[in-house]
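Okay, structure first, notes after.
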Amino acid sequence: MTTQKRSGGKGLVLAVIGLLVAALAVYAGYRLFAPPPATVDMTYNTVSSDGLYQVMFETDTLPIPLNETHSWVLIVTTPEGEPVNDAEIGIDGGMPAHGHGLPTEPKVTEGLGEGRYQVEGMRFNMGGHWEIRVGINAAQGTDEATFNLDL
Amino acid sequence: MRALLRGLRFRRPIRSSLAVAFLAVLCACGSEDFSEAEKKAIGSLSLDALSDLPLDEGNRYSGNRAAAAFGAVLFNDEGLSGAGTVSCATCHKAERQFQDDLPRGVGVAETDRRTMPLAGVAFSPWQFWDGRRDSLWAQALVPLEDAREHAGNRTAYARYVKARHGEAYEALFGPLPALDHLPSNASPRGDAAERAAWERMTLRERDAVNRVFANIGKALAAFEETLTPREARFDRFAKAVMEGREPEEDAVFSALEREGLRLFIGKANCLECHNGPRFTDDHFHNTGVPPVPGLAEDRGRAAVLDEVQDDPFNCLGPYGDAAPDACSALRFMQKDAALFERAYKTPSLRGVANRPPYMHAGQFDRLEVVIDHYSNAPAAVSGTSEIRGVVFTERGRKALIAFLKTLDGEP
């Protein structure tokens, strides 16, 4: 009786393991093919060339679109992480390998507070390596940050 | 010392690269000889990558079916011209990809530019070879008053629409203003007599006529929005490649067509400008195409940067329906004229093999000449050509042309 019971228990354990393996396989399959979550923010982060500012940008359009005018949010802080508000900001850029600039003239259109700035008019008109330069002028001084993007 | 810190990249989830590897193992089919980068490029050119048509916020009638139907009538109506002999369809022929196979369009007289095909035109933020209008509806108003095209004027058009299409117009746009007391022919862009007649009209009368005129453009634009690019053999091929299956039937590419595709997305650098599912970046480039002897000087986009900003029918003007914030093409336009000397809008290459001649003034009569141009890369007569010559073998030249032919849509 006990032996039988035991072997029944063993069968159950094996069945449970089997089920677990199957479930794992299904889950792995699901993970393998599921599209990436749609809401991830791509965050780029850099330090300006003289080290005055920490500069980040966010875009909620993923991947960064080609031939579509879209917006960024720039985040400017001191290296210690203090938000820098009321900065004068200029945006420029281009493709070093092709010797051409941006197809548009993007601008900061709004200071959002907490070191955040709305940048409108961003547009990229071909895939490849782009450089975006952000000129920043605030109480800490004038400095420039460069982002490298591969589209 | 410049601290160029590479931006933190969004970490690509491992699962997608695994999935790709997995697929590659699953399917050792005809598409396996394309690299991942090539596949990405092929997918980006496919019609499947075309986004939904964005509504034009500057045109309240964008996406409006009744307006599109009325626009179709106007598009084909020769009554909408000075002498009753020219319609949009005179040059933009539906059975010919909405162009006319001529080096330069001919209305009342020959113009200086080639008639542009219209498939997918509503996706473009700028209209004309030089982008001198920022919307389809503002564009439509230009040929109507051009002395070599429809050769009419806005006051005559307002009166004509009231007499001939009054009911259809009012059903869409509301009551027409009183027009009978106005001069028969008056416009700020007409001949001396028409301009003088326009000056004599009150501001209120001019505004009323402008409003009817703008609405004609808005109906025409609603119609043109319905002209979308057609699926081509290339799209069926690309779909198969993207799905990792063997292309079938007419989607099978010959060795030559594959070579051409590879050149196009690779060494020949065509993707620099002819990218995305419409094969255009909607931007302006000097490619060193020579001017046509005898025509007036043509500086391309460099000459029209002020014109588009001053156009009373632009997105920010009184006849546009958008909030100023929505006029992003105009607000953030690149305004450095030096960048645009003899720069023209990159044309879509869909259907291109089927509609010679080529370039903004029909300079080249065959694709062979186009490919030679990209190979020779002549200096521009003014400004600087962006083309760096690519040497093609005889086979490479044939291959590129064979590939371009796969972009022909259904007849």
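For the reader, a short list of remarks on this structure follows.
- Every pair of residues 6+ apart whose Cβ atoms lie under 8 Å, when the first sits in the range B:119-137 and is free of Cβ contacts under 8 Å to residues at least 24 places away in the same chain while the second is of a type outside the set (D, E, K, R) and outside any loop (DSSP other than H, G, I, E, B): B:GLN127/B:VAL121; B:GLN127/B:LEU136; B:GLN127/B:ALA138; B:GLN127/B:GLN139
- Neighbours by Cβ (under 6 Å, 6+ apart or cross-chain): first from the range B:75-96, under 17 Å from B:THR115 (Cβ atoms); second acidic (Asp, Glu) and in a loop (DSSP other than H, G, I, E, B): B:THR85/B:GLU78; B:SER87/B:ASP77; B:SER87/B:GLU78; B:CYS91/B:ASP100; B:LYS93/B:ASP100
- So B:LEU53, is it surrounded by fewer than 23 Cβ atoms within 10 Å (Cβ to Cβ) and within 18 Å of the chain's Cα centre (by Cα): yes
- Residues (away from every other protein chain (no Cβ under 14 Å), out of contact with any Asp or Glu (no Cβ under 7 Å at 6 or more places or on another chain) and among the aliphatic types (A, V, I, L, M)) located in the range A:128-151: A:ALA139
- Here the helices (runs of 4 or more DSSP H) wholly within the range B:166-243 that include at least 2 residues being in contact (Cβ under 8 Å) with a residue 60 or more places away in the chain are B:203-224, B:233-242.
- The range A:67-92 residues that are within 13 Å of chain B (Cβ to nearest Cβ) and touching a residue at least 24 places away in the same chain (Cβ under 8 Å), paired with ones that are in a loop (DSSP other than H, G, I, E, B) and surrounded by 15 or more Cβ atoms within 10 Å (Cβ to Cβ) (beta carbon under 6 Å, 6 or more apart): A:ASN67/A:ASN125; A:ASN67/B:GLY276; A:ASN67/B:ASP281; A:ASN67/B:ASP282; A:THR69/A:ARG123; A:ILE75/A:GLY115; A:ILE91/A:PRO106
- Inside the range B:109-140, residues that are over 16 Å from B:TYR358 (Cα atoms) and in contact with an Asp or Glu (Cβ under 7 Å, 6 or more places away or on another chain) make up a count of 10.
- Across the range B:369-383, a minimum of one residue is classified as touching a residue at least 24 places away in the same chain (Cβ under 8 Å) and within 14 Å of chain A (Cβ to nearest Cβ).
- Looking only at the range B:283-311, residues that are part of a loop (DSSP other than H, G, I, E, B) and touching a strand residue (DSSP E or B) at 6+ places or on another chain (Cβ under 7 Å) come to 2 in all.
- Taken over the range B:312-330, the criterion of being crowded, with 19+ Cβ neighbours inside 10 Å and either in the same structural domain as B:GLN127 (by TED's automatic domain parsing) or not in a loop (DSSP other than H, G, I, E, B) (or both) is satisfied by B:SER328, B:ALA329, B:LEU330.
- Single residue of the range B:331-342 satisfying the filter (free of Cβ contacts under 8 Å to residues at least 24 places away in the same chain and either of a type outside the set (A, V, I, L, M, F, W, C) or assigned by TED's automatic domain parsing to the domain that holds B:ALA208 (or both)) that is surrounded by the fewest Cβ atoms within 10 Å (Cβ to Cβ): B:ASP336
- Residues of the range A:99-125 that turn out to be at positive phi and within 10 Å of chain B (Cβ to nearest Cβ), as a count: 2
- Looking across the range B:244-267 at every residue that is assigned to a loop (DSSP other than H, G, I, E, B) and either within 14 Å of B:THR406 (Cα to Cα) or within 14 Å of another protein chain (Cβ to nearest Cβ) (or both), the one that is farthest from the chain's Cα centre (by Cα) is identified as B:GLY244.
- Against the test of being touching a residue at least 12 places away in the same chain (Cβ under 8 Å) and surrounded by fewer than 19 Cβ atoms within 10 Å (Cβ to Cβ), the options A:GLU110, A:GLU120, A:GLU144 yield a single qualifying residue, A:GLU144.
The values are calculated or read from the model by the stated rules, or taken from the named source; none is laboratory data. What you see is a predicted model, and the numbers here were worked out from it, not measured in a lab. Using ideal geometry, Cβ is built from the backbone for each residue, glycine included, and neighbour counts are taken over all protein chains shown.
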